[in-house]
1. Those residues that are within 16 Å of the ligand (Cβ to nearest atom) and either at pLDDT below 95 or not hydrophobic (A, V, I, L, M, F, W, C) (or both), I need them from region 34-70; list them, please.
2. Restricting attention to region 178-192, and to residues there that are away from the ligand (no atom under 16 Å from the Cβ) and of a type in the set (K, R), which single residue is modelled with the lowest pLDDT?
3. Being of a type in the set (S, T, N, Q), within 19 Å of V29 (Cα to Cα) and in contact with a Lys or Arg (Cβ under 6 Å, 6 or more places away or on another chain), is that true of even one residue in region 201-218?
4. Which pairs have Cβ atoms under 7 Å, sit 6 or more apart or on different chains, and link a residue in region 404-419 that is closer than 20 Å to G165 by Cβ to one that is within 16 Å of the ligand (Cβ to nearest atom) and in a helix (DSSP H, G or I)?
5. Among all residue pairs at least 6 apart or on different chains, which show Cβ distances below 9 Å where the first residue, located in region 68-93, is without any contact (Cβ under 8 Å) to a residue 60 or more places away in the chain and the second is acidic (D, E) and open to solvent by less than 20 Å² (accessible area, probe 1.4 Å)?
6. Run A131 past the list (1) closer than 22 Å to F6 by Cβ; (2) in contact with a Gly (Cβ under 6 Å, 6 or more places away or on another chain) and report the number of the one that doesn't hold.
7. Residue by residue through region 1-35, note down the ones that are hydroxyl-bearing (S, T, Y) and in a strand (DSSP E or B).
Amino acid sequence: MPTVTFHGACGVVTGSCTHLDWGERQVLVDCGMYQGGEELEARNRSPFPFRPAELTAVVVTHAHLDHTGLLPRLATEGYSGPVYCTAPSRGLISLVLQDAGKIQEEEARYARRQGYSQHADPRPLYTADDARRVLKLLKTVPFGEERELFPGVRLRFVRAGHLLGAASVEISAKGSDGERRAWCFSGDVGRYGVPILKDPEPPSGAPAALLLESTYGDRRHSGEDAAAALGRIVEETYARGGMVIIPAFALGRTQDLLYHLSALADAGRLDPSTVFLDSPMAINATEIYERAEAEHDEDFEALANNPLDAGLFVRVRTVDESKALNTRGEPAVIVAASGMANGGRVVHHLLHRLGDKRSSVVFAGYQAAGTRGRALIDGAETIGIHGQTVWVKAQIHQLQSLSAHADRDELLRWCRALPAPPQRIFLNHGEDPARKALAAALADELGWPRPRLPLTGEPVPW
Ligand SMILES: [Zn+2]
């Protein structure tokens, strides 16, 4: 009898990985990394609860590391079959996995030099070469088209609106009773009416079973107008002669910010030659976003000036150009990764500007516990950077409405668009309070069967 086993993202928001087992054939949906805290991240080195070499196919919902981050390990441990993704996902997956491999090599080198690792010979989880090996296995499937994974089992991607190329995945197969039924794996569901990308779409058929994400299952995003708030902050900071530092996630959030900044430029409220995109990864991701015209929504296509155009803002690729910004006296907007200020070039900009009361730091979205971003939005008076204590004099802002995840109401909206309620619903990719709140909302407000909150390693029949 075919079974589905939830191997990750059960009660947490990272490590997505679901194993479908038909006995002779096995399929994996996502192979994500755990992120956030040593205890959780130690799981990235645990043996897989299946044999990678025995998998028939792997399907990936979108490029974020918590859905793709362990793919290179699959390849180094013997998997050589196809990894299916959407065409726009392919470029982003290539960016993030090679970057992840490089970072892990650097961290292992650093740990070895400092001697702080518990291991005599700290080894990277995988290398950039390992990442490149798995990239050769990527096979793209257009949105909406059906593809046979193996005889009798079919795959289809549906737009999820969460990130360029992000998809919900439908897999249909016969159960042990001989009936064909579909499972829908929502992936991460995006938001409605946001810039650039098309809105989330519901699965084409009525799935018998739904595995739904629940990141914000217990929250509603604030109704703040991100563009208006950003415009106000930029104008006030420029009037004081300060810098606007925006720690941004390279994929998705950066492109949304460029969209809002471009609208300010169009309105004559911001000189575009004072806006710096200081992140090679974000620049590369922006180029991939720009080329993916089929994924742009109508509003984006109607813009007179393309916010993703290379000529609009200043792109900073080299380290020297980035360092030159440290001594800049005139006001500027600097968009730099990482989004929670835990690494990347933005850390240097914070080191130079946090102590300046004329400047502003604008966080674009959720800040996890334990990150510099979280400490700053919680009002820390000082912050540690590269062994120095930095006094926080700059103004700290957080634009919550720039989230890439559907909130509770948007998840319900996505569910309402299904042609019929699923017979079985499973909630993952959310902490337990969020899963429980969403389960109650689906049962009470939509009258759906009570969802189950699966545990890690829990198998259920197809
Ligand atoms: Zn995601």
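1. If the condition is that a residue be within 16 Å of the ligand (Cβ to nearest atom) and either at pLDDT below 95 or not hydrophobic (A, V, I, L, M, F, W, C) (or both), then Y34, Q35, G36, T61, H62, H64, L65, D66, H67, T68, G69 are the ones that fit.
2. Our first condition is that a residue be away from the ligand (no atom under 16 Å from the Cβ); within region 178-192, this holds for 178-184, 192.
From what's left, of a type in the set (K, R): 180-181.
Numbers: R180: 88, R181: 91.
Checked region 178-192; the qualifying residue modelled with the lowest pLDDT is R180.
3. First, pick out the residues of region 201-218 that are of a type in the set (S, T, N, Q): 204, 214-215.
Remaining after also requiring within 19 Å of V29 (Cα to Cα): 204, 214-215.
Within this subset, residues satisfying the condition of being in contact with a Lys or Arg (Cβ under 6 Å, 6 or more places away or on another chain) are 214.
Yes, region 201-218 contains a residue that is of a type in the set (S, T, N, Q), within 19 Å of V29 (Cα to Cα) and in contact with a Lys or Arg (Cβ under 6 Å, 6 or more places away or on another chain).
4. If the second residue must be within 16 Å of the ligand (Cβ to nearest atom) and in a helix (DSSP H, G or I), the pairs left are A404/R253; A406/W414.
5. Correct list of pairs: T68/D30.
6. Of the numbered conditions (1) closer than 22 Å to F6 by Cβ; (2) in contact with a Gly (Cβ under 6 Å, 6 or more places away or on another chain), the odd one out for A131 is (1).
7. If the condition is that a residue be hydroxyl-bearing (S, T, Y) and in a strand (DSSP E or B), then T3, T5, T18 are the ones that fit.
Yes/no per residue for (1) within 28 Å of G144 (Cβ to Cβ); (2) under 18 Å from the mean Cα position of the chain (by Cα); (3) in contact (Cβ under 8 Å) with a residue 24 or more places away in the chain:
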position: F249; (1), (2), (3): yes, yes, yes
position: Q255; (1), (2), (3): yes, yes, yes
position: L261; (1), (2), (3): no, no, yes
position: S273; (1), (2), (3): no, no, yes
position: N284; (1), (2), (3): yes, yes, yes
position: Y289; (1), (2), (3): yes, yes, yes
position: E293; (1), (2), (3): yes, no, no
position: R315; (1), (2), (3): no, no, yes
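The values are calculated or read from the model by the stated rules, or taken from the named source; none is laboratory data. All of these numbers come straight from a predicted model, not from anything done at the bench. Glycine gets a Cβ as well: all are built from the backbone with ideal geometry, and neighbour counts include every protein chain shown. Keep in mind that these areas ignore ligands, DNA and RNA; they rest on the heavy atoms of the full protein, side chains included. Shrake-Rupley method; radii C 1.70, N 1.55, O 1.52, S 1.80 Å.
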